[in-house]
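Below: the structure, in structure tokens.
Every read-out reported here was derived from the displayed coordinates using simple, explicitly stated rules and does not represent laboratory data. Model, not experiment: these values are computed from the prediction. All Cβ positions, even for glycine, are placed from backbone atoms using ideal geometry, and neighbour counts span all protein chains on display.
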Amino acid sequence: MSDYPEKLDAIIALFEGLPEEEKRENLIAYADQARRHEPKPGETFDLEDVRKDEECTDTVGVFLKLDPDQHAHFRITLGPQVQTLTKAMTAILCKGLDSSTPESILELPADFVPKIVGGQLVRIRSQTVYYILTRMKSACRVYLNRRRAQAD
């Protein structure tokens, strides 16, 4: 039994079987899909977190929506200077974590990242590859804290 959501597990399995060059090609393909995960006109969210952090080259917006069953759905906006690897991780995580609970996202170990991007890119771009996951976990934490505060 995997520690990862089913959709993310399938992405990890795909990347694990690839040589480094094909991993890079697939990361570029995912990066090209990042814009598909931007908010759509008229969408509303339970939490919006738009900011520029020191460890990122541009502004990133994380938008979290919970469905009636309390499953998370993310939308992400990326500024024009955001690196390709961050764009790739955005598409991978939005797809892989879709319909997970905020609690399961918070508990998600980050050890899957090197399996996707490869050890060399993790060493070179360590902050970049974990940035979006960190922001998504932060959004879940803030949402859960607000929900607890409202219940008290």
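Within the range 77-99, identify whether any single residue is in contact with a Phe, Trp or Tyr (Cβ under 8 Å, 6 or more places away or on another chain), buried (at least 17 other Cβ atoms within 10 Å of the Cβ) and more than 23 Å from Leu14 (Cα to Cα), and answer yes or no.
So far as the range 77-99 goes, yes, one or more of its residues are in contact with a Phe, Trp or Tyr (Cβ under 8 Å, 6 or more places away or on another chain), buried (at least 17 other Cβ atoms within 10 Å of the Cβ) and more than 23 Å from Leu14 (Cα to Cα).
Can Cys140 be described as out of contact with any Phe, Trp or Tyr (no Cβ under 9 Å at 6 or more places or on another chain), farther than 28 Å from Pro19 by Cβ and of a type in the set (A, V, I, L, M, F, W, C)?
Taking the combined requirement at face value, the residue satisfies it.
Could we say that Thr44 is more than 13 Å from Val82 (Cβ to Cβ) and either loosely packed, with under 13 Cβ neighbours inside 10 Å or among the polar types (S, T, N, Q) (or both) here?
Answer is yes for this residue.
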